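A quick write-up on the structure given underneath.
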Amino acid sequence: MSSSKYIILGGGMVAGYAAKELAKRGLGPGELTIISADDAFPYERPPLSKSFLSGKDKEVDILINAQEWYAQKKIGVKLKTLVQNIDLKKRTLRASSGESFEFEHLLIATGARARKLDCPGNDLRNVFYLRSLDDSRNIRDNAATAKRAAIIGGGFIGMEVASVLAQQNIETTLIIREDRVWSRVFTLAMSNFFEHYYASRGVRLLKEENVVQFEGKERVNAVVLSSGNQVACDMVIAGVGAAPVTEVLAKTGLEIENGVVVNEYLETNQAGVFAAGDVASYFDKIFNKRRRVEHWDNAVSQGQHWASVVRGDRQPFVHVPYFFSDVFDLSYELWGDPHDARETVVRGDANSPSFSVWWLNGDRLVAAFTMNRPDEERELAPEWIKSKQRMSRELLADQNRPLREGK
């Protein structure tokens, strides 16, 4: 049995950034082991639906730390290692290979897995889900010869993949269940802008449609929809959400509810056991609600925060939720939580590629979206959300007035 002061269960972004932060804070030789079911060292996930998928980045380009870095820091990395049993009383993990690991502090970072469509034909070849490097690699390889692609899901994964494939001259159809793209987050005006932008670049949008089945003998050749429409295709990519990976934790005594429940220090209900990233359900002290976030920034920040807590800097995790996306020639960012907002204010022209949207709950700013806007807006948005700044609607709407007047 090998023994480590720190074990990270999961080899994703949390692990890569937590390891980097621990190293900065004086990690000793042999004190950290990362146990990963993946076959690759920790890598950045945003490129999987952006630059890596498009072929601009190679695998080595998206590693969080170079492979040799771990050896230099004497950090153990166990790849293709599936943990099947966790005994928190004995503080041990046992892998399917029979290998056992003993720990003092455990960080659970098992992430989330893509939700699968439950319909006839979902086991046909060329039906893909995008979650891992291997998924992205397979989609990229198949896109090299594909002529027609069906993308299922109007959230950010579907939108990013549709953007990449359309730019490769693949006839791309985006199929969404809702009445507009990313309706869970976007306002109607934002959805309208992006739908027109995509359509003008050759993406066909089918809205308020459900997948009934995939057709084909060995490979998918069509998607059958609830309206009776059929979409001919060489490949399908479905982005219909993700679920936290918690099965191995079922009998550990950990509190599980939409992920692993942690407090403001990322601690579970078991001493010395933490959770971070996609699998962690944490208490957001800014919005006073529990949330689980499946975005890059959250994994980075929580991995770093765990490292600081276990090295003695015991501070609560207080962080403004953040998301960014690149589609076609556009880049945008989103901060906060728009779901409890009562009104929105647009700054700029929502029919152009340069505007921002500000969500308010009363006079309090709770979320902001910026696309091709001045740095001032990008800098002030998270600052004001975190400080619960009271805002002037007139100031937000008047792009001829500097926002700093509102401070």
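Here the ratio of the Cα radius of gyration of region 1-132 to 2.2 N^0.38 Å is 1.18. Hey, rough spin-label estimate for Asp340 and Asn229, points 7 angstrom out along Cα→Cβ, what's it come to in nanometres? About 3.7 nm separates the two model spin labels.
Among Ser325, Ser226, Ser308, the largest mean-square fluctuation in a Gaussian network model of the chain, built with springs joining Cα atoms closer than 10 Å, belongs to Ser226.
Relative contact order of the chain, taken over Cα pairs closer than 8 Å and 6 or more residues apart, is 15 percent. Each Lys and Arg contributes +1 and each Asp and Glu -1, all at the Cβ; summed about the Cα centre of the chain, the dipole is approximately 620 debye.
Provide the gained length on full extension for the span Glu257 to Ser2, in nm with one decimal, where the gain is 0.36 nm per separating residue minus the Cα-Cα distance. Please report the intermediate quantities before stating the final value.
On the way: separation 255, 0.36 × 255 = 91.80 nm, distance 3.11 nm.
In short, 88.7 nm is gained.
Over region 146-288, Cα pairs under 8 Å with separation of 6+ residues give a relative contact order of 20 percent. Between Ala275 and Ile108, Thr268, the built amide H atoms are under 5 Å apart, and every one of these is 5 or more places off in sequence or on another chain. Each of Asp329 and Glu104 was given a label point 7 Å from its Cα along the Cα-to-Cβ line. The distance between the two points is 5.5 nm.
Remark: region 143-150, residue by residue, has Karplus-estimated 3J(HN,Hα) of 5, 4, 10, 6, 10, 9, 10, 10 Hz, where x stands for each Gly or Pro and the curve is 6.51 cos²θ - 1.76 cosθ + 1.60 at θ = phi - 60°. Any idea how far the Cα center of region 295-349 sits from the one of region 209-230, in Å? Computed from Cα coordinates, the inter-centre distance equals 36 Å. Each residue of region 19-31 was assigned a 3J(HN,Hα) from its phi angle through the Karplus curve 6.51 cos²θ - 1.76 cosθ + 1.60 (θ = phi - 60°); the sequence is 4, 4, 5, 4, 4, 5, 9, x, 4, x, x, x, 7 Hz, with glycine and proline shown as x.
May I ask you to derive the FRET efficiency for Arg25 and Ala242 from their Cβ-Cβ distance with R0 = 35 Å, giving the value to the nearest 0.05? Can you show the working numbers first?
Numbers: r = 31 Å, r/R0 = 0.88.
About 0.70, to the nearest 0.05.
Considering only Ala162, Ser227, Gly336, and ranking their Cα positions along the charge dipole of the chain that arises from unit charges at the beta-carbon of Lys, Arg, Asp and Glu, the one farthest toward the positive end is Gly336. Just checking the listed ones, Lys386, Lys217, Lys207: in the Gaussian network model of the chain with Cα springs under 10 Å, the one fluctuating most is Lys217.
The orientation-averaged projection of the convex hull spanning the C-alpha atoms of region 329-406 amounts to 4.8 square nanometres.
May I ask you to compute the full-extension gain from Glu264 to Asp134, defined as 0.36 nm times their residue separation minus their alpha-carbon distance, rounded to one decimal in nm?
Roughly 43.5 nm would be gained on extension.
Taken about its Cα centre, region 249-385 carries a charge dipole of about 540 debye when Lys and Arg each add +1 at the Cβ and Asp and Glu each add -1 at the Cβ. Considering only the Cα atoms of the chain, their convex hull presents on average a projected area of 20.7 nm². Database remark: amide H of Asn361 closer than 5 angstrom to the amide H of Arg342, Val366 (H placed geometrically; neighbours at sequence offset of 5 or more, or on other chains; Pro and chain starts carry no H). Across region 290-303, computed HN-Hα scalar couplings (Karplus, 6.51 cos²θ - 1.76 cosθ + 1.60, θ = phi - 60°) run 8, 8, 10, 10, 10, 10, 3, 4, 5, 4, 4, 5, 6, x Hz from first to last residue, x flagging Gly and Pro.
Amide hydrogen proximity for Ser3: with H placed 1.01 Å from N in the peptide plane, the residues at 5 or more positions away or on another chain lying under 5 Å are Glu102. Here the label points at Arg177 and Asn351, each 7 Å from Cα along the C-beta direction, are separated by 3.3 nm in the simple model.
The residue list Asn126, Ile108, Val203 was ranked by how far each Cα lies along the charge dipole of region 98-228 toward its positive end, using unit charges on Cβ atoms, and Val203 comes out on top. Most simply put, the chain has about 60% antiparallel DSSP beta bridges, counting only bridges with both residues inside it.
With a Förster radius of 56 Å, plug the Cβ-Cβ distance of Asn122 and Arg290 into 1/(1 + (r/R0)^6) and report the FRET value to the nearest 0.05.
Details: r = 32 Å, r/R0 = 0.57.
Working from the Cβ atoms, E equals 0.95.
Bear in mind these aren't lab numbers, they're just calculated from the coordinates by the rules spelled out. Bear in mind that the values here come from a model prediction, so they are computed numbers and not experimental data. Cβ coordinates were reconstructed from backbone atoms using ideal geometry, including for glycine residues, and neighbour counts include every protein chain displayed.
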